[in-house]
Each structure stands twice: as C-alpha cells, then as structure tokens.
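Notes for the one structure printed next.
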C-alpha cells in the first residue's frame with residue numbers, strides 16, 4: 001500500500017469513528033450517562049480533527065466549485081449505482097430495517113444531488129445561495145429549504161422531527 005492508500009483508509013476510519021461515537025453519545029444521553037456522552041462527543045470531535053488532517057494531506061479539499069462538483073458526483077453515484085443494489089439485496093434477504101434505511105438514503109441522496117446542482121450554478125455565477133433556513137429530518141435525512149414540512153415527504157414523520165442546520 002502507498003501513503004495515499006493509507007491516508008484514504010485512515011480518513012474513512014476516522015470519519016466512521018466520528019459518526020459512531022456521536023451515535024454512542026446519543027445513546028449514553030438517553031441512558032442518563034451525561035459524562036460518558038460528553039466523552040463520546042469529545043472523542044468524536046478528535047476523530048474529526050484527524051479526518052480533516054488526512055483529507056488535507058490527500059489534497060482532498062479544493063475550491064468550493066470543485067468541492068460541490070465532487071459532492072454532487074458522490075451523491076449521484078450513491079442513488080444511481082450504490083443504493084439500488086443494496087435495496088435489491090435487502091429485499092431478497094427480507095431485511096426490512098436495512099431496506100427502509102437504504103431506500104430513505106437513496107431518496108435523500110437524489111435530493112442532495114439536486115441541491116448541490118443549484119449551488120454549483122450559483123457559484124458559477126459568482127453568487128452564494130439565497131440565505132434561508134435548512135432543515136433535516138432526524139429519521140430519514142430529508143433536507144429542505146425554508147421551513148420544515150408539516151409531514152416529511154419521505155418517511156412521514158411530523159414537522160417536530162426536523163432540526164435546523166446552522
């Protein structure tokens with residue numbers, strides 16, 4: 001393996017650890033272990049520092065336009081190529097939890113690709129996107145501008161299950 005391969009593997013591992021530790025923190029909070037939750041969040045923050053350092057070392061952060069184009073391409077790959085196969089396999093295996101998770105993600109990745117496309121056009125025109133709140137559904141990840149819908153278009157949960165992104 002090369003240093004580039006090692007950086008990519010380290011970036012993936014640190015990124016996954018961050019997300020896992022944040023999920024562990026949420027569970028620790030629910031179980032009323034506040035300081036354990038804080039420890040998980042601290043470790044997650046440190047993993048983010050590591051992941052960003054590895055990404056920088058790989059030259060993986062470029063200009064905003066290039067970053068948007070890469071992000072859009074990744075989302076398109078996920079909803080066009082990756083998730084359809086995952087959905088089919090989950091259906092064949094009868095794994096309903098995985099099927100719901102994959103279908104939700106696939107639908108939202110398509111939305112993200114569209115949002116990135118709008119951002120690409122704005123940046124190409126030398127503009128930022130219009131300032132507006134952005135909300136994300138905590139169940140399926142549906143991402144909407146303006147205000148949260150009364151009911152999620154993807155998973156059907158009420159407006160209260162959306163959170164604002166700063």
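Derivation of every value follows stated rules applied to the coordinates shown; laboratory data play no part. Quick caveat, the model's predicted, so the values are computed rather than measured. Cβ atoms come from the backbone with ideal geometry, glycine included; neighbour counts cover every protein chain shown.
First check a/c for segment 87-150, with a ≥ b ≥ c the square roots of the eigenvalues of its C-alpha gyration tensor; if it is under 1.5, answer rounded, and if not, answer prolate when a/b is larger than b/c or oblate otherwise.
Numbers: a/c = 5.77, a/b = 2.06, b/c = 2.80.
Cα axes put segment 87-150 in the oblate bin.
Mean-square fluctuation check for the chain, GNM, Cα pairs under 10 Å: which of 127, 72, 34 is largest?
Most flexible of the set in this elastic network: 34.
Principal axes first, then extents: for the Cα atoms of segment 2-148, list largest minus smallest coordinate on each axis, whole Å, largest first.
49, 40, 40
For segment 3-57, would you read off the P(r) tail past 15 Å as a percentage of all alpha carbon pairs? List each step's numbers first, then the result.
On the way: 691 of 1485 pairs.
Pairs farther apart than 15 Å: 47 percent.
Points 7 angstrom from Cα along the Cβ direction at residue 71 and residue 9: gap in nanometres?
In this crude label model, residue 71 to residue 9 measures out at 2.9 nm.
Starting with the fewest neighbours, write out 29, 66, 131 ranked by other beta-carbon atoms found within 10 Å of each beta-carbon. Please list the in-between numbers first.
Working: 29 15, 66 11, 131 5.
Ascending number of Cβ neighbours within 10 Å: 131, 66, 29.
For 112, 52, what ranking results if the residue with the fewest other Cβ atoms within 10 Å of its Cβ goes first?
Working: 112 18, 52 15.
Ordered by Cβ neighbours within 10 Å, fewest first: 52, 112.
Just how far, in whole angstrom, is segment 55-75 from segment 115-151 if you go by their alpha carbon centroids?
Using only Cα atoms, the two centres lie 18 Å from each other.
Can you tell me the Rg and the Dmax, both Å, for the Cα atoms in segment 123-166?
Spelled out, the Cα radius of gyration and Dmax of segment 123-166 are 12.2, 37 Å.
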